[in-house]
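One structure below.
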Amino acid sequence: MRLTLLFLLMFSYEILVAKTVHGSEGAVIFMYHRFGESRYPSTNIEMNQFRFQLEYLKKHHYNVWPLSKIVQTLEDGKSLPPKTVALTMDDAYRSVYMQAFPLLKQYHFPFTVFVNPEPVDRHYGAFMTWKQMREMQRAGAEFGNHTKSHPSFVSFLSLGEKKMREKIEEEITGAEKRLHSELGNKYASHIKMLAYPYGEYTNDIRDIVSSLGYIACAQMGGVLTKNTNFAEIPRFPMSQRFATKRGFLTKLHTKALPLSHPPKQDHLILRNPPSLRLSLKRPMRNLECFKASGDRVQMKWKDSLHLDIRANEMLKPPRDHYTCTAKASDGKWYWYSFFWVFPKGKSVTPTN
């Protein structure tokens, strides 16, 4: 009887540990633009890099899901399986169809493409056609909104709150109508997905997008979990500079930094350099923080769980981010990035 009870207790404990370890895991989202177009190094991934990534995901049994499925699972309060990944592409460049699509079909991986319809409708040669997108859709691709003409939403701030909202709605609904017209009502399941042009947004812009019923993708690193604000989903950019084997594997193996709640600061820089406060669930004294350039930033612990971060020098427009990482006991990295954007055409106050 005692052995039976001990076995049941041990079995229950193992299930609890498994749920704690795997149930708290999130999804790593990768972002791409161009494929095999080396003349655009800041947005391009070389094909040998992309092949390595797909082969690694297949060989090591990663769960490559459509982004909408990941979001829906988290919204339903369900746990993601371990090793869940999504592949997303912004702008609908022609090389997605010509270079990436054949490989993705070969590996049977779904993917998500964010489309700005204006250059597609104008038949610009660098972009896919609607016919090509419908072919990809039949093979398992899903599509999201990247606005009608790809403006920076931050440039609308100077118009005032009402006009800004009108312009944002016009851009989003204009793209949505074309996507529905060309790809059908279920072009992205029933999840309405947007990728911010240039990855630029503020808290007010984020809230407008959310009020329109969209989840939205940003362009800073991190892990998507149930605690993420779904109007600022983190994605790791995979341009050739960051898509080295080491760079890819480091980001693939990241964990969400255990924050007690998201930072309250606005993403818009009004004082430069800006300050950021992080609130942790548990002490992490091995945490280190950096600017996008890789330069370290000042870190001041208020107590064992609260940390103030500020760069040592002024950030440079148009955008930057603070990234904080800490090595976990299993060799993986905890990771969190906070995005900063400058107001368009306005100066900011230097921080004393």
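Descriptive notes on the structure:
- Taken together, the residues in the range 304-343 that are among the acidic types (Asp, Glu) and closer than 22 Å to TYR198 by Cα amount to 1.
- Selection status of HIS33, at positive phi and either surrounded by 22 or more Cβ atoms within 10 Å (Cβ to Cβ) or modelled with pLDDT of 95 or more (or both): no
- Enumerated strands (runs of 3 or more DSSP E) restricted to the range 193-310, each holding at least 1 residues that are surrounded by fewer than 17 Cβ atoms within 10 Å (Cβ to Cβ): 275-279, 288-291, 298-301, 306-310
The values are calculated or read from the model by the stated rules, or taken from the named source; none is laboratory data. None of these values were measured; they are calculated from a predicted model. Quick reminder, even Gly has a Cβ in these numbers, built from the backbone with ideal geometry, and neighbours come from all protein chains shown.
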